[in-house]
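Scroll down for the structure; my scribbles are underneath it.
All of the numbers you see were taken from the coordinates with simple rules; none came from a lab. Here the structure is a predicted model, which means the values were calculated and not measured. Positions of Cβ are generated from backbone atoms using ideal geometry, with glycine treated the same way; all protein chains shown enter the neighbour counts.
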Amino acid sequence: MYGIAEHHQLRHQVTIGAQDLQADGFGPNPFYHCLLAELLPRPGELPGPPVGYALFFFGYSVNHGRLVYLENLYVEAPYRGRGIGKTLLSEVAKVSLAHGCVEMKLMVMEGNHRAAAFYQGLGACDTTADEGWHCVELGGLALHRLAGEEL
Amino acid sequence: MASFHIRAARAEDCSDLLRLIKELAKYEDMEDQVILTEKDLLEDGFGEHPFYHCLVAEVPKEVWTPEEHCVVGFAMYYFTYDPWIGKLLYLEDFYVMSDYRGLGIGSEILKKLSQVAVKSRCSSMHFLVAEWNEPSIRFYKRRGASDLSTEEGWRLFRIDKEYLLKMATEE
């Protein structure tokens with residue numbers, strides 16, 4: 001997680017730790033699912049740490065039904081260009097279809113042309129550019145104010 | 001006496017939910033895109049593994065719709081996860097029938113959603129708004145929302161099922 005944050009130069013924005021990830025992903029009601037990419041170790045060697053991951057969860061489209069939301073797809077820099085990202089995405093697609101999902105959604109930051117090209121090459125469309133959808137957030141003080149809390 | 005009441009949806013609300021979903025799709029000019037059925041809504045929202053949660057707005061008998069419906073608004077949401085900050089509440093859809101607007105139903109639904117978010121330890125609510133939908137944009141901005149697409153460059157991409165199938169089956 002820290003790797004992807006550093007990639008986007010937003011490391012200071014990571015506010016959860018390992019305990020949160022454990023409770024939220026591996027409790028009785030998981031909030032996310034994760035696939036890890038591991039290199040096959042050489043004979044006699046132990047497997048090394050994961051070199052990439054895909055973090056996703058299930059959601060719902062009011063018009064089309066079950067969907068999967070790809071929150072993060074990341075491959076460590078030295079291991080890019082080998083098809084690991086595509087394989088991870090393919091595995092997420094398999095899980096999605098097995099759960100009856102009819103679409104996948106994900107965010108790409110403006111300016112991340114490499115990521116945009118990667119997803120568009122696989123059939124993704126930019127619904128912000130093409131259909132005018134904007135992602136809106138209500139958080140922090142605004143959220144608590146709305147909840148009617150005394151601040 | 002309150003002129004409306006917001007509560008969690010029940011399995012028997014699915015026909016009202018579908019009715020309102022279709023009305024909202026018509027308002028957004030996407031009526032032909034609604035492929036969900038009542039059966040899907042029932043299985044997906046009230047089965048063993050709910051994919052969504054819903055709040056509905058009910059009005060008393062004296063102000064029921066001409067067709068005698070008492071459910072006049074809904075909000076559909078689910079929980080999402082940002083690996084940097086944890087849980088978020090994602091508001092998938094939110095609609096109040098046009099004859100029942102201006103009564104504070106929308107604001108009350110949003111307040112209840114915020115309470116759900118805070119109680120579930122979500123750090124914020126996320127949702128999509130079409131850039132041409134000025135009334136909705138104003139409604140949310142008045143309440144302190146930020147447009148992440150405009151302000152931070154977030155672009156929402158979608159991959160349709162045919163491409164998921166292609167990805168899943170290619171060597």
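Can you name every residue in segment B:125-145 that is more than 22 Å from B:ALA25 (Cα to Cα), surrounded by fewer than 20 Cβ atoms within 10 Å (Cβ to Cβ), within 7 Å of chain A (Cβ to nearest Cβ) and under 18 Å from the mean Cα position of the chain (by Cα)? Hit for segment B:125-145 is B:ARG143, nothing else.
With respect to the conditions (1) at the interface with chain B (Cβ under 7 Å from one of its Cβ atoms); (2) under 19 Å from B:PHE79 (Cα atoms); (3) surrounded by fewer than 16 Cβ atoms within 10 Å (Cβ to Cβ), A:GLY111 falls short on a single one, namely (2). Can you pull out the residues in segment A:122-151 that are part of a helix (DSSP H, G or I), touching a helix residue (DSSP H, G or I) at 6+ places or on another chain (Cβ under 9 Å) and more than 7 Å from chain B (Cβ to nearest Cβ)? Within segment A:122-151, no residue meets the criteria.
Name the single residue that is farthest from B:GLU92 (Cα to Cα) among those in segment A:73-84 being crowded, with 20+ Cβ neighbours inside 10 Å and not aromatic (Phe, Trp, Tyr). Even if it seems obvious, please write down each step before you answer.
So the first thing to find is which residues in segment A:73-84 are crowded, with 20+ Cβ neighbours inside 10 Å, and the list is A:73-75.
Still in the running and not aromatic (Phe, Trp, Tyr): A:73, A:75.
Details: A:LEU73: 23, A:VAL75: 30 Å.
Residue satisfying both the conditions and the ranking: A:VAL75.
Among the residues of segment B:129-156, which ones are of a type in the set (Ser, Thr, Tyr) and under 18 Å from A:CYS125 (Cβ atoms)? Residue satisfying the conditions is B:SER149 alone. In segment B:77-96, what residues are buried (at least 21 other Cβ atoms within 10 Å of the Cβ) and in a loop (DSSP other than H, G, I, E, B)? Selection gives B:PRO83 alone. Filter segment B:97-107 for residues that are assigned to a helix (DSSP H, G or I) and buried (at least 19 other Cβ atoms within 10 Å of the Cβ); which is farthest from the chain's Cα centre (by Cα)? Among residues in segment B:97-107 that are assigned to a helix (DSSP H, G or I) and buried (at least 19 other Cβ atoms within 10 Å of the Cβ), the one farthest from the chain's Cα centre (by Cα) is B:ILE105.
State yes or no: is B:LYS166 more than 21 Å from the chain's Cα centre (by Cα), surrounded by 16 or more Cβ atoms within 10 Å (Cβ to Cβ) and among the basic types (Lys, Arg)?
Values: more than 21 Å from the chain's Cα centre (by Cα): yes; surrounded by 16 or more Cβ atoms within 10 Å (Cβ to Cβ): no; among the basic types (Lys, Arg): yes.
In short, no.
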